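These notes are about the structure you will find just below.
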Amino acid sequence: MDQKRSEDLRIQRTHRLLLSALVDLLSEKSFSDLRVKDICERARVHRSTFYTHFEDKSHLLLFGIQELMDDLIHSGDDRSYPAFLHSVYRILKYFQRNQQEYTRLLLDPKDALVQRLFHDEFSRALKSYLRDLHPTMPAREIDIISQFFAGGFLSLVTQWLSEFPDRSAKEMAEELAPLTFRVFLLPKPKDKA
């Protein structure tokens, strides 16, 4: 059991090193200009180790986005407005802390694949969140809402980081949360006869 745990810790450490190197490098150049070799050199990880864990740099990025979205959009049991506001704030604060990297990723036309990955993973995480909140809501409705909010939210983050970087994550959350809280947490309206 100790050997299994130490292997798990080594895997987690390798993933952290590679993701950290990727994020560092994204502040210097676009994703399309990065090479696996660059990531490995920055992480001080051998290329064969990289390929043991990931198929290519896109797979590493996807893994990182999935981890991020699952962490940031963890629903928990608290359905109150303060809890929702805090979740929105956490997401916005993360993007603000990593403003340089995400502004480049979300705006660079050469990184359309990255933008699509972000949208798809944000949508996936929102679907999971909505399924937890509304277990009886039809899957098609959940899909529409999650696609709509993923696109809108990423567009808002992009505009905020590029055009209004002096606005705090707290200010943005306080404006955005009231607009979205009702959509996510109120029951579906009943049809009027």
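Treating the Cα atoms of region 4-99 as identical point scatterers in vacuum, please give the log10 of the normalised Debye intensity I(q)/I(0) at q = 0.11, 0.13, 0.20, 0.25 Å⁻¹, two decimals.
Here the Debye-derived log intensity ratios amount to -0.41, -0.55, -0.99, -1.27.
Can you list the HN-Hα couplings for region 141-153, worked out from phi with the Karplus curve (6.51, -1.76, 1.60; θ = phi - 60°), rounded to whole Hz and with x for Gly and Pro?
5, 4, 4, 4, 4, 5, 5, 4, 6, 4, x, x, 5
Per 5 Å bin, what percent of the C-alpha pairs of region 94-148 does each bin hold, from zero upward?
The calculated distribution, bin by bin, is 4, 19, 20, 18, 15, 11, 9, 3, 0.
Carbon-plus-sulfur fraction of the accessible area of the chain, 1.4 Å probe, in percent?
53
So, with +1 on the Cβ of K and R and -1 on the Cβ of D and E, and no other charges, what is the size of the charge dipole of region 53-173 about its Cα centre, to the nearest 20 debye?
Dipole magnitude for region 53-173 comes out near 200 debye.
For the chain, what does the equivalent ellipsoid look like in terms of its semi-axes, each the square root of 5 times an eigenvalue of the Cα gyration tensor, given largest first in whole Å?
33, 21, 15
For region 1-125, what relative contact order do you get, as a whole percent, if you take Cα pairs closer than 8 Å and at least 6 residues apart?
31
The values are calculated or read from the model by the stated rules, or taken from the named source; none is laboratory data. Note that the structure is predicted; figures quoted are calculated from it, not measured. For neighbour counting, all protein chains shown are included, and Cβ atoms are generated from backbone atoms with ideal geometry for every residue, glycine included. Keep in mind that these areas ignore ligands, DNA and RNA; they rest on the heavy atoms of the full protein, side chains included. Shrake-Rupley method; radii C 1.70, N 1.55, O 1.52, S 1.80 Å.
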